[in-house]
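Mind having a look at this structure? Questions to follow.
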Amino acid sequence: YIILQYGNEIVFIDQHAAHERIKYEEIKDAVNESTGAVSPMLVPVSLQLSPAEYTALHGNMEFFESMGFEIDDFGGNTVLIRAVPTILADSNIEDVVLSGLQNKKTVGFSDEEIYTMACKAAVKANKKLSRMEIDELLQKLAKLENSGTCPHGRPICVSVTEHELERR
């Protein structure tokens, strides 16, 4: 958690929930605008897929390409990820792609599936962030229209007033 003092309140910010909301909005924007920046991979990521995941990927290739992924077949059910959207460059790309393909039976991506991808791309709750990372996270969060909850509906911030703290 990120713990801040704001006036006479202590504010607890769930860094994972906050980053998940940010990633969700970035992924949605990337898909809707199809103009996001792309980061080529220095070494392509080889991803072995199950037959169902492979079929789901090919049925939804337009979705991944609209985000900025460059994915090529490598034989069998293996694909090479040659570039990723810059918004996901620091993420575990295998987890992000696989989370989007799990249990995929239809073409197109629902909000629920984008939530899951955002969750996998977000910083984990136990990761220690630097002061600069915290500042960047808070600045991005402040720019969002809906910054109160993560995509799943969990609150991002909880505050305790000085009076309430003293009472307890």
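Taking 0.36 nm per intervening residue step and subtracting the Cα-Cα distance, what contour gain separates residue 112 from residue 142 on full extension?
Contour length minus Cα-Cα distance gives 8.5 nm.
Compute the orientation-averaged projected area for the chain from the convex hull of its Cα atoms and round it to one decimal in nm².
Result: a mean projected hull area of 11.2 nm².
Another one. Tell me the angle of helix 15-33 to the major Cα principal axis of the chain, expressed in degrees between 0 and 90 and rounded to the nearest ten.
Compared with the principal axis, the helix lies near 40 degrees.
Just to check I understand the Karplus step: with θ = phi - 60° and J = 6.51 cos²θ - 1.76 cosθ + 1.60, what whole-Hz values come out for region 124-136, glycine and proline as x?
7, 4, 8, 7, 7, 8, 6, 4, 5, 5, 5, 4, 5
Express the C-alpha Rg of region 1-96 as a ratio against the empirical globular expectation 2.2 N^0.38 Å, rounded to two decimals.
Normalised Cα radius of gyration, region 1-96: 1.37.
So if I place +1 on the C-beta of Lys and Arg and -1 on the C-beta of Asp and Glu, and nothing else carries charge, what would the dipole magnitude of the chain be about its Cα centre? I want it in debye, nearest 20.
Taking the Cα centre of the chain as origin, the dipole is about 420 debye.
Which trypsin sites (Lys or Arg not before Pro) does region 87-158 hold that lie in a coil by DSSP with at most 15 other beta carbons within 10 Å?
Sites meeting the loop and neighbour criteria: 105, 124, 127, 128.
Each label point is 7 Å from the Cα along the Cα-to-Cβ direction; what then is the distance between the points at residue 55 and residue 77, in nm?
1.0 nm
Give me the percent relative contact order of the chain, please, defined on Cα pairs under 8 angstrom at least 6 residues apart.
Relative contact order comes out at 35 percent.
Follow-up question, since we're still on this one. What 222 nm value per residue comes from the helices of the chain, counting each DSSP H run with n ≥ 4 as -39,500 (n - 2.57) and dividing by all residues, nearest 500 deg cm²/dmol?
Rounded to the nearest 500, it is -13000 deg cm²/dmol.
Additional query: Using a 1.4 Å probe and counting only protein heavy atoms, arrange 150, 119 so the residue with the most accessible area comes first.
119, 150
Can you pull the Kirkwood radius for region 45-135, inverse mean 1/r over Cα pairs, to one decimal in Å?
13.9 Å
Same structure, new question: Once you list every other residue whose beta carbon is under 13 Å from the beta carbon of residue 92, what net charge do they have if Lys and Arg are +1 and Asp and Glu are -1?
Here the charged neighbours net out to +1.
Given a 1.4 Å probe and heavy atoms of the protein chains only, how would you sort 14, 72, largest accessible area at the top?
72, 14
At 1.4 Å probe size, with no ligands or nucleic acids counted, give the accessible surface of residue 13 in Å², nearest ten.
Estimated to the nearest 10 Å², residue 13 gives 10 Å².
Positive end of the dipole of region 1-106, charges at C-beta (+1 Lys, Arg; -1 Asp, Glu), about the Cα centre: which of 93, 2, 15 has its Cα farthest in that direction?
Checked the options; the winner is 93.
The values are calculated or read from the model by the stated rules, or taken from the named source; none is laboratory data. Since the structure is predicted, the reported quantities are computational estimates derived from the model, not experimental observations. Here Cβ is always computed from backbone atoms with ideal geometry, including for glycine, and neighbour counts include all displayed protein chains. The protein model used for the area step is the full one, side chains on, heavy atoms only, and it has no ligands, DNA or RNA in it. Shrake-Rupley method; radii C 1.70, N 1.55, O 1.52, S 1.80 Å.
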